[in-house]
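Chemist: This is the structure I have questions about; it appears just below.
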Amino acid sequence: MTGEFGVILRGTEDRGQGPGIVHLTARPGAAVVGEHFHPNMIERFTVFSGRLDASIAGKTFSLEPGQSATVEAGVVHDWWNSSKTEEAHVLIEIERAPGADHVDPNRFELLIGMLFGLANAGLVDKKGRPSLLQAAVIAREFADVIVFTQPPPAIQRVALGILAPLAGLLGYRAIDPAFCRPHAHITPAPEILAMAGLPPV
């Protein structure tokens, strides 16, 4: 729904102490669900094909092949592919911020699996957003991983305090194993693994 296709190159099962690494394909017109920040994680983008537009801490720019951008924990950011014809291929690295040893870095993969699973099941809107009640339980569960900037934080706190318990009573779950499992098994191209500094499969 958002035009994103992600292949986990190093994740929950094999990340060790290093960052999680994802090969993201952003189709023409693709955009992440909304402006957000990661309270405890650092995110790094490296473009190797196409162009990725981004807004980081209020500054908007484009990343061309070979260029990278790092988003520190707590920094508001957003990204999209403004091309109408060309895919953007991006390596994304996710790791814990210094001092965030209490945070399980694998929860980012769990969150993404859940959101992609809902999308694949047709349970999101045209922009990839879950229903209000589903979003409420996810937002509460994964507040250590991601926080969206809209609606404003004060409104979110009040809304989550009301909606998340209601959603739980109605059977909504923030973590559903049926959605969080891998959605396919793909062998990455050797050149992509090489760019990520990973051994061939």
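Chemist: When each pair of different Cα atoms in segment 67-156 is counted once in the 1/r mean, what is the Kirkwood radius in angstroms, to one decimal?
Modeler: Taking every pair of different Cα atoms in segment 67-156, averaging 1/r and inverting gives 15.4 Å.
Chemist: Excluding ligands, DNA and RNA, what is the solvent-accessible area per residue of the chain at a probe of 1.4 Å, expressed in Å²?
Modeler: 54 Å²
Chemist: Tell me the relative contact order for segment 71-201 as a rounded percent, counting alpha carbon contacts under 8 Å between residues six or more apart. Could the numbers behind the result be given before it?
Modeler: On the way: 87 pairs, mean separation 33.5, N = 131.
Computed over segment 71-201, the figure is 26 percent.
Chemist: Lys and Arg at +1, Asp and Glu at -1: add these up for the other residues within a Cβ distance under 10 Å of THR149 and post the number.
Modeler: Result for the local shell: -2.
Chemist: Just to verify a number: FRET efficiency for ALA184 and LYS59, C-beta to C-beta distance, R0 = 35 Å, to 0.05?
Modeler: 0.50
Chemist: So what does ASP104 come to for accessible area, using a 1.4 Å probe and Å² rounded to 10?
Modeler: 70 Å²
Chemist: While we're here: Can you pull the accessible area of GLU93 for me, 1.4 Å probe, Å² to the nearest 10?
Modeler: Ignoring ligands and nucleic acids, GLU93 comes out at about 50 Å².
Chemist: Report the local net charge at ASN81: Lys and Arg +1, Asp and Glu -1, summed over other residues whose C-beta lies under 14 Å from its C-beta. Can you show the working numbers first?
Modeler: Working: positive: ARG27, ARG51, LYS84; negative: GLU4, ASP53, GLU64, ASP78, GLU86, GLU87.
Summing Lys/Arg as +1 and Asp/Glu as -1 gives -3.
Chemist: A further question on this structure: So what is the 222 nm mean residue ellipticity for the chain from helices alone, if each DSSP H run of at least 4 adds -39500 (n - 2.57) and you divide by all residues, rounding to the nearest 500 deg cm²/dmol? Mind dumping the intermediate values first?
Modeler: On the way: 5 runs with 52 residues, N = 201.
Computed mean residue ellipticity for the chain: -7500 deg cm²/dmol.
Chemist: Continuing with this model, one more query. Cα convex hull of the chain: how many Å³ per residue?
Modeler: Details: hull volume 25.4 nm³, N = 201.
Spelled out: Cα convex hull of the chain, divided by residues, is 127 Å³.
The values are calculated or read from the model by the stated rules, or taken from the named source; none is laboratory data. Values in this document were obtained by computation on a predicted structure and should not be read as measured data. Cβ sites come from the backbone with ideal geometry, for glycine too, and all protein chains shown count toward neighbours. For the accessible areas, the whole protein counts, side chains as well, though only heavy atoms, and no ligand, DNA or RNA atoms are used. Shrake-Rupley method; radii C 1.70, N 1.55, O 1.52, S 1.80 Å.
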